[in-house]
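Once you've had a glance at the structure underneath, I'll fire off some questions.
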Amino acid sequence: ETGVTQTPRHLVMGMTNKKSLKCEQHLGHNAMYWYKQSAKKPLELMFVYSLEERVENNSVPSRFSPECPNSSHLFLHLHTLQPEDSALYLCASSQDETVMGYTFGSGTRLTVV
Amino acid sequence: GENVEQHPSTLSVQEGDSAVIKCTYSDSASNYFPWYKQELGKGPQLIIDIRSNVGEKKDQRIAVTLNKTAKHFSLHITETQPEDSAVYFCAASRGVLTGGGNKLTFGTGTQLKVEL
């Protein structure tokens, strides 16, 4: 357990479904992130939140909608996904007073059918 | 934007041997370089990092070196053990973003296999 918990661990959804991924961090960090991990590709930054405000949206399609209700929780709402969106979605957190590495959760393995 | 290249993509070593993974980065303003280890079914875990004001850092069997002039950095694992088998990622950052947070750009990963 890293202090960053992601649920569910696995998710299979149809292209017309709506689902949400949840991330919770117990580290007192003030920044949270969503990354997409696909085979043979570098981890792709999707969203950055700092103190519950979105500070970066890395040209992510609107079918992915993040939400950060407080500094401990981060959601990724999914709708009308495509098969190519199947991937491991990783949540991370950091404390950004000084630049430092992230603490990652174990990820949600998403399969779009 | 930043681009990080990582080599090799796969690496097999005998137990007890050393392993070296190399990364290059493109943004000369990058100043923070972490390394992550990802085991099967888990998220990446930070194992060591180095900042641009330091040329080398060591933590037991792992070390990282940084050459700012050449814009490359390397991970060195000595006396490898089977439990070192995993995927290793390098990353680079130019610091805290305007508004907060810290954007890491990752390499494509190296699958390290330590054979008995």
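Filter segment A:16-45 down to the residues that are away from chain B (no Cβ under 12 Å) and of a type in the set (D, E, K, R), then identify the one that is nearest to A:Leu110 (Cα to Cα).
Per the stated criteria, the residue is A:Lys19.
If I go through segment A:31-49 residue by residue, how many of them are crowded, with 18+ Cβ neighbours inside 10 Å and over 12 Å from A:Tyr102 (Cβ atoms)?
The number of residues fulfilling the criteria is 6.
Checking B:Ile48 against (1) within 25 Å of A:Ala31 (Cβ to Cβ); (2) in contact with a helix residue (DSSP H, G or I) (Cβ under 9 Å, 6 or more places away or on another chain): exactly one of these is not met. Which one?
Exception for B:Ile48: condition (2).
Additional query: Looking at B:Val87, B:Val64, can you tell me which residue is surrounded by fewer than 21 Cβ atoms within 10 Å (Cβ to Cβ) and within 14 Å of the chain's Cα centre (by Cα)?
Result of the check over B:Val87, B:Val64: B:Val87.
If A:Ser93 passes every condition in (1) touching a residue at least 24 places away in the same chain (Cβ under 8 Å); (2) among the small types (Gly, Ala, Ser); (3) closer than 19 Å to A:Met13 by Cβ but one, which one does it miss?
Checking A:Ser93 against (1) touching a residue at least 24 places away in the same chain (Cβ under 8 Å); (2) among the small types (Gly, Ala, Ser); (3) closer than 19 Å to A:Met13 by Cβ, the one that fails is (3).
Out of all the residues in segment B:11-43, which are part of a loop (DSSP other than H, G, I, E, B) and of a type in the set (Lys, Arg)?
The answer is B:Lys42, and nothing else.
Here's a follow-up. Pull out all pairs, ordered by first then second residue, where Cβ-Cβ is under 7 Å, the residues are six or more apart or on different chains, the first lies in segment B:103-116 and is closer than 18 Å to B:Ser12 by Cβ and in contact (Cβ under 8 Å) with a residue 40 or more places away in the chain, and the second is surrounded by 14 or more Cβ atoms within 10 Å (Cβ to Cβ) and charged (D, E, K, R).
Qualifying pairs under 7 Å: B:Leu112/B:Asp84; B:Val114/B:Asp84.
Then there is this: Count, please, the residues in segment B:71-116 that happen to be within 10 Å of another protein chain (Cβ to nearest Cβ) and assigned to a loop (DSSP other than H, G, I, E, B).
12
Residue by residue through segment A:58-113, note down the ones that are of a type in the set (Gly, Ala, Ser), within 10 Å of another protein chain (Cβ to nearest Cβ) and not in a strand (DSSP E or B).
A:Gly101, A:Gly105, A:Ser106, A:Gly107, listed by residue number.
Somewhere in segment A:46-57, is a residue part of a strand (DSSP E or B), among the polar types (S, T, N, Q), under 15 Å from the mean Cα position of the chain (by Cα) and away from chain B (no Cβ under 14 Å)? Break it down stepwise before answering.
Here is the first cut: in segment A:46-57, the ones part of a strand (DSSP E or B) are A:46-50, A:53-57.
If we keep only those that are among the polar types (S, T, N, Q) too, we end up with A:50, A:57.
Filter once more, so that each one left must be under 15 Å from the mean Cα position of the chain (by Cα): A:50, A:57.
Imposing the further condition that a residue be away from chain B (no Cβ under 14 Å) reduces the set to none.
No, there is no match, as no residue in segment A:46-57 is part of a strand (DSSP E or B), among the polar types (S, T, N, Q), under 15 Å from the mean Cα position of the chain (by Cα) and away from chain B (no Cβ under 14 Å).
Laboratory data are not the source of any read-out in this text; all were calculated from the coordinates shown. Worth saying up front: this structure is predicted, and the values here are computed from it rather than measured. When we count neighbours, we look across all protein chains shown, and the Cβ atoms used for this are built from the backbone with ideal geometry, even at glycine.
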